[in-house]
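The values are calculated or read from the model by the stated rules, or taken from the named source; none is laboratory data. Here the structure is a predicted model, which means the values were calculated and not measured. Methodologically, a virtual Cβ is constructed for each residue, glycine included, from the backbone with ideal geometry; neighbour enumeration extends over all protein chains shown. The protein model used for the area step is the full one, side chains on, heavy atoms only, and it has no ligands, DNA or RNA in it. Shrake-Rupley method; radii C 1.70, N 1.55, O 1.52, S 1.80 Å.
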Amino acid sequence: MTKVDDTSSGRPRGNDAAGKARTSRRGFLAGAAGLAAAGAAAPALGNPKNQPPNVADWTKALGDGVATRPYGHPSQFEKEVVRRDVQWLTASRESSVSFTPLHELDGIITPNGLCFERHHSGIAEVDPADYRLMIHGLVDKPLLFTLDDLKRFPRVNKIYFLECAANSGMEWRGAQLNGCQYTHGMVHCVMYTGVPLKVLLEEAGLKSNAKWIMAEGGDAAAMNRSVPMAKALEDCIVAYRMNGEMLRPENGYPARLVVPGWEGNMWVKWLRRIKVGDEPWFTREETSKYTDLLESGKARQFTWVMDAKSVITSPSPQVAKVRKGFTIVSGLAWSGRGTVKRVDVSLDGGRNWREARIDGPVFDKACVRFYYEFDWNGQPLLLQSRAIDSTGYVQPSKDDLRKVRGVNSIYHNNGIQTWHVKADGEVENVEVG
């Protein structure tokens, strides 16, 4: 996790760094066949007795029946694909964070069991029979909803990313954590099912001076945030399902607020009440926390939107070493301002950019998956990606961000990430200076 000088011999230039920029499938298959014939495709793994032309053990006996696994789990061979935490980041495990293993995933949907966690007082275990959502304040008719009540309203299904404002926050002062999971893993992307908040507010009836809402959670911290009424009516959701199933407890079961494109702290979990008012409440979470302290000593407040951002998830430090030949660069990009229109990839630390291929669905305020394929000839690489969204916003470098905002804040770091691929294929978190 060192800083790499962009004038060093370790920084390749242009397409020479990677050999050919693109490779055909036929060429790749021919190359792979040649390596296999030479015995150099990869180190021997597993049990040769279970590999062709032999008959594998698992084909010689019946497997478990359907009744043995009433709720599905990943294969035992994927046991390392889990959320992880960094214990020294916070004083308490109850007010801490775990990270999504982005380097182990593909596509855009995050499995429910791998979505990162951020808690302020631990996981609230709420009995759905006792759950109530109160709407009060500047409304014509204060209301109290049960979970069954919420399910009786018209529902929507929307795919959105959720990113903590502190994602990548440790990197403000330089490369710190050697892994995509730890530098960018406070983000996930799922399908939420629930009732539009606008429907519930209209049911209560808004008074003419209603300009803000205050959402409060049912955890021990009573975590709360102010949200402008315009956003509340635009696209916020009171969600009770993720990816089809009910929310997990760590994600706010039985109901949470969804605030598309805005910082995750506003997506209040275990949502217990919404108070309608005529001005913001200036809660702890939007004054002493979740404000951006500038170098001048002043702080940016109400910096809700998560700007366009991307990260190469593979190759990255936690993934196996890169091997020479056909190489697939894979990553995620997202923007709280709209859709991701383009992602560029650089092999030489930003000197030259190549347009990546976005594959799969592209939704508003959701992650996209991008790929770039090339032949790697073994020269060192400085891998970067940058996202461009539908508003024309271009993801900045970390140095560009620091020139404007300094290094006093841990929030809203959407600077370009650099991975140094060494000649031996090892990957390290670095910064280009």
What's the number of the condition Asp278 fails, among (1) at pLDDT 95 or above; (2) within 21 Å of Gln417 (Cα to Cα); (3) out of contact with any strand residue (DSSP E or B) (no Cβ under 6 Å at 6 or more places or on another chain)? (2)
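Of the residues Ala67, Ala61, Ala32, Ala41, which is in a loop (DSSP other than H, G, I, E, B) and at pLDDT below 90? Lay out the reasoning, then the answer.
Values: Ala67 fails: in a loop (DSSP other than H, G, I, E, B); Ala61 fails: at pLDDT below 90; Ala32 fails: in a loop (DSSP other than H, G, I, E, B).
Ala41 is the lone residue from the list that is in a loop (DSSP other than H, G, I, E, B) and at pLDDT below 90.
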Mind telling me which of the residues Ala166, Ala129 ends up being outside any strand (DSSP E or B) and free of Cβ contacts under 8 Å to residues at least 24 places away in the same chain? Ala129
Which number in (1) touching a Leu at 6+ places or on another chain (Cβ under 9 Å); (2) assigned to a loop (DSSP other than H, G, I, E, B) marks the one condition that Asp219 misses? (1)
Taking segment 246-294 and keeping residues under 20 Å from Ala366 (Cβ atoms) and open to solvent by 50 Å² or more (accessible area, probe 1.4 Å) leaves Arg248
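Taking segment 170-187, which residues are closer than 18 Å to Thr303 by Cα and modelled with pLDDT under 95?
So in segment 170-187, the residues closer than 18 Å to Thr303 by Cα come out as 172, 186-187.
Scanning segment 170-187 gives a single hit, Trp172.
For (1) surrounded by 19 or more Cβ atoms within 10 Å (Cβ to Cβ); (2) closer than 17 Å to Trp419 by Cα; (3) out of contact with any Pro (no Cβ under 9 Å at 6 or more places or on another chain); (4) β-branched (Val, Ile, Thr), each residue gets a yes or a no:
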| residue | (1), (2), (3), (4) |
| --- | --- |
| Ser310 | yes, yes, yes, no |
| Thr313 | yes, yes, yes, yes |
| Ala320 | no, yes, yes, no |
| Asp364 | no, no, no, no |
Every residue in segment 402-411 that is assigned to a helix (DSSP H, G or I) and either within 22 Å of Cys180 (Cβ to Cβ) or under 17 Å from the mean Cα position of the chain (by Cα) (or both), please. Arg402
Can Glu373 be described as open to solvent by 60 Å² or more (accessible area, probe 1.4 Å), out of contact with any Gly (no Cβ under 8 Å at 6 or more places or on another chain) and at pLDDT 95 or above? no
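Output the residue which, of all residues in segment 45-54 that are in contact with a helix residue (DSSP H, G or I) (Cβ under 9 Å, 6 or more places away or on another chain) and in a loop (DSSP other than H, G, I, E, B), is least open to solvent (accessible area, probe 1.4 Å).
Step by step, filter segment 45-54, then rank; the result is Asn47.
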Could you go through segment 380-401 and let me know if any residue there is small (Gly, Ala, Ser), assigned to a strand (DSSP E or B) and in contact with a Ser or Thr (Cβ under 9 Å, 6 or more places away or on another chain). yes
Which numbered condition Arg241 misses (of (1) part of a strand (DSSP E or B); (2) of a type in the set (Lys, Arg); (3) touching a residue at least 60 places away in the same chain (Cβ under 8 Å)): (3)
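Please verify whether segment 249-272 includes one or more residues that are over 27 Å from Ile109 (Cα atoms), in a helix (DSSP H, G or I) and in contact (Cβ under 8 Å) with a residue 12 or more places away in the chain. Before you say what the answer is, go through the steps one by one.
So the first thing to find is which residues in segment 249-272 are over 27 Å from Ile109 (Cα atoms), and the list is 272.
Keeping just the survivors that are in a helix (DSSP H, G or I) gives none.
Scanning segment 249-272, I find no residue that is over 27 Å from Ile109 (Cα atoms), in a helix (DSSP H, G or I) and in contact (Cβ under 8 Å) with a residue 12 or more places away in the chain, so the answer is no.
Examine segment 412-421 for a residue that is in a loop (DSSP other than H, G, I, E, B), among the β-branched types (Val, Ile, Thr) and surrounded by fewer than 22 Cβ atoms within 10 Å (Cβ to Cβ), and state whether such a residue exists.
Looking for residues that are in a loop (DSSP other than H, G, I, E, B), among the β-branched types (Val, Ile, Thr) and surrounded by fewer than 22 Cβ atoms within 10 Å (Cβ to Cβ), one finds none in segment 412-421, hence no.
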For segment 72-123: of the residues being open to solvent by 60 Å² or more (accessible area, probe 1.4 Å) and among the aliphatic types (A, V, I, L, M), which is nearest to Tyr371 (Cα to Cα)? Ile109
Which residues, taken from segment 212-227, are open to solvent by less than 10 Å² (accessible area, probe 1.4 Å) and of a type in the set (S, T, N, Q)? Ser226
